[in-house]
Amino acid sequence: MSILECRNLYKGYGNKKVLENMNISVPSGKIIGLLGPNGCGKSTLIKMICGLLVPDAGEIRVSGIPIGAETNRLISYLPERTYLNAGMSVTELITYFQEFYTDFDPHRARQMLDDLKIDPQAKIRTLSKGTREKVQLIMVMSRNARLYLLDEPIAGVDPASRDYILQTILQNYNPEATIIITTHLIYDIERVLDEFVFLGFGGEVIMSGNADDVRAQYGKTLDELFREVFRYVQ
Amino acid sequence: MGWSFHGNLPVYLQIASKIRADIISGKYTAEEQIPPVRQLAYEAAVNPNTMQRALAQLEAEGLLIARGTVGRFVTENPEILAKARHKAADELIEAFLSGCREMGFESNEIMQMLIEKGDPSCQF
């Protein structure tokens with residue numbers, strides 16, 4: 001059973017077409033890397049799955065249900081930019097999430113904050129950009145959602161924290177749930193992926209498959225394959 | 001992070017090699033239960049399905065035995081363990097020989113070096 005189904009999707013901003021007749025089906029219980037060059041429509045697709053943007057044409061279903069309040073309950077979304085209220089402390093944020101999401105696990109959040117040595121009394125405003133990103137990811141991963149959409153989860157954090165974050169994703173990941181990750185840091189995440197999708201411009205699916213099989217098929221890592229597929233000729 | 005892997009071999013085969021080596025070296029002993037998939041996946045920092053695939057590979061080789069929901073155990077069959085040990089040694093020898101031959105050493109030179117480096121008092 002697929003958790004996500006996109007059919008004949010079109011989306012543009014003004015004259016600029018971003019997705020043109022995109023079709024994608026994502027199976028349940030997998031960690032999937034949605035990979036593609038800047039501007040290929042990764043974030044646009046994710047925002048449409050969350051209902052933040054409306055497709056110009058086509059259909060998106062999550063767990064068989066058209067996008068709406070019911071699907072939003074199933075989805076835990078990490079946007080590419082932070083949206084946290086800068087005046088709140090981390091502890092206030094936990095309370096806020098707990099009130100907002102019935103599937104939020106505050107113990108899990110506190111544990112992760114503790115592991116990453118983030119002061120729960122600190123105001124969001126006083127945290128560095130990387131630490132804010134960590135806090136936001138902790139909030140997102142502390143929900144028991146069916147579908148996690150992580151848009152660039154490790155872009156702004158140092159390599160050691162990146163490792164912790166990936167291990168956090170592995171540790172908190174429920175085998176029934178699905179995680180879709182977009183990133184440019186393919187080398188860092190390829191070992192945690194089940195499947196990968198290479199998106200070209202217009203949201204065209206250029207290549208997809210099992211991430212680990214790439215090494216047997218092409219004798220190279222997913223990162224190396226990406227660089228080859230999307231090489232710019234000088 | 002986790003275990004380190006190189007680029008040109010699937011990660012699941014590299015994991016299988018590592019656990020096989022752990023069994024041969026005695027880190028996991030005969031009849032011992034190995035940790036559950038999730039824990040190993042977390043330790044190695046790999047996808048749980050990749051870990052699952054590595055363990056299935058070792059099951060197919062007979063080195064690991066799955067006991068329903070209880071978990072996976074190292075085989076108690078000494079023949080399978082001995083065979084795996086020899087296979088691992090064979091792989092090292094193959095790599096060593098092909099490396100030396102690439103550098104232009106002849107068989108008799110290689111044997112000579114091996115005896116000198118290893119145990120000069122060794123008699124055949």
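The values are calculated or read from the model by the stated rules, or taken from the named source; none is laboratory data. Computed from a prediction, not measured in an experiment: that's the story for all the values here. Here Cβ is always computed from backbone atoms with ideal geometry, including for glycine, and neighbour counts include all displayed protein chains. To get the accessible areas, we keep the full protein, side chains included, count just its heavy atoms, and leave off ligands, DNA and RNA. Shrake-Rupley method; radii C 1.70, N 1.55, O 1.52, S 1.80 Å.
The single condition from (1) more than 15 Å from the chain's Cα centre (by Cα); (2) small (Gly, Ala, Ser); (3) at pLDDT 90 or above that B:Ser25 fails is (1). Of the residues making up segment B:1-12, just one is open to solvent by less than 50 Å² (accessible area, probe 1.4 Å) and either under 11 Å from B:Leu55 (Cα atoms) or touching a Gly at 6+ places or on another chain (Cβ under 6 Å) (or both), namely B:Tyr12. Against the conditions (1) surrounded by fewer than 18 Cβ atoms within 10 Å (Cβ to Cβ); (2) within 26 Å of A:Leu116 (Cβ to Cβ); (3) free of Cβ contacts under 8 Å to residues at least 60 places away in the same chain, A:Pro175 satisfies every one except (3). Can you find even one residue in segment A:27-44 that is at pLDDT 95 or above, more than 12 Å from A:Leu4 (Cβ to Cβ) and surrounded by fewer than 20 Cβ atoms within 10 Å (Cβ to Cβ)? Scanning segment A:27-44, I find no residue that is at pLDDT 95 or above, more than 12 Å from A:Leu4 (Cβ to Cβ) and surrounded by fewer than 20 Cβ atoms within 10 Å (Cβ to Cβ), so the answer is no. If the condition is being touching a residue at least 24 places away in the same chain (Cβ under 8 Å) and open to solvent by 60 Å² or more (accessible area, probe 1.4 Å), then segment B:19-31 contributes B:Thr29, B:Glu31.
State whether one or more residues within segment A:123-140 are in contact with a strand residue (DSSP E or B) (Cβ under 7 Å, 6 or more places away or on another chain) and in a loop (DSSP other than H, G, I, E, B). Checking segment A:123-140: not a single residue is in contact with a strand residue (DSSP E or B) (Cβ under 7 Å, 6 or more places away or on another chain) and in a loop (DSSP other than H, G, I, E, B). Being part of a helix (DSSP H, G or I), touching a residue at least 60 places away in the same chain (Cβ under 8 Å) and surrounded by 12 or more Cβ atoms within 10 Å (Cβ to Cβ) holds for only one residue in B:Ala16, B:Ala84, and it is B:Ala84.
Candidates are the residues of segment A:23-38 that are away from every other protein chain (no Cβ under 14 Å) and in contact with a helix residue (DSSP H, G or I) (Cβ under 7 Å, 6 or more places away or on another chain); the one that is farthest from A:Ile181 (Cα to Cα) is A:Gly36. Kindly indicate whether A:Tyr232 is aromatic (Phe, Trp, Tyr), surrounded by 15 or more Cβ atoms within 10 Å (Cβ to Cβ) and either more than 10 Å from chain B (Cβ to nearest Cβ) or in contact with a strand residue (DSSP E or B) (Cβ under 8 Å, 6 or more places away or on another chain) (or both). Criteria not met by A:Tyr232. Every condition in (1) farther than 15 Å from A:Gly29 by Cβ; (2) within 14 Å of chain B (Cβ to nearest Cβ); (3) open to solvent by 10 Å² or more (accessible area, probe 1.4 Å) holds for A:His184 except the one numbered (2). Of the listed requirements (1) on the phi < 0 side of the Ramachandran plot; (2) more than 14 Å from chain A (Cβ to nearest Cβ), B:Gly26 misses just one: (1).
The residues on offer are A:Arg215, A:Arg143, A:Arg191, and the sole one that is away from every other protein chain (no Cβ under 12 Å) and farther than 19 Å from A:Thr44 by Cα is A:Arg143. When B:Ala60, B:Ala66, B:Ala45 are screened for being more than 14 Å from chain A (Cβ to nearest Cβ), open to solvent by less than 80 Å² (accessible area, probe 1.4 Å) and either among the hydrophobic types (A, V, I, L, M, F, W, C) or closer than 29 Å to A:Gln167 by Cβ (or both), only B:Ala66 passes.
Take A:Pro159 and tell me if it is open to solvent by 30 Å² or more (accessible area, probe 1.4 Å) and more than 14 Å from chain B (Cβ to nearest Cβ). Against the criterion (open to solvent by 30 Å² or more (accessible area, probe 1.4 Å) and more than 14 Å from chain B (Cβ to nearest Cβ)), A:Pro159 does not qualify.
Only one of the numbered conditions (1) within 24 Å of the chain's Cα centre (by Cα); (2) at pLDDT below 95 is not met by B:Val74, and that is (2). Applying the criterion of being among the aliphatic types (A, V, I, L, M) and more than 24 Å from A:Gln167 (Cα to Cα) to the residues of segment A:187-224, the residue that is surrounded by the most Cβ atoms within 10 Å (Cβ to Cβ) is A:Leu199. Assess whether A:Lys11 counts as being surrounded by 21 or more Cβ atoms within 10 Å (Cβ to Cβ) and either of a type in the set (A, V, I, L, M) or touching a helix residue (DSSP H, G or I) at 6+ places or on another chain (Cβ under 6 Å) (or both). Yes: the conditions hold for A:Lys11.
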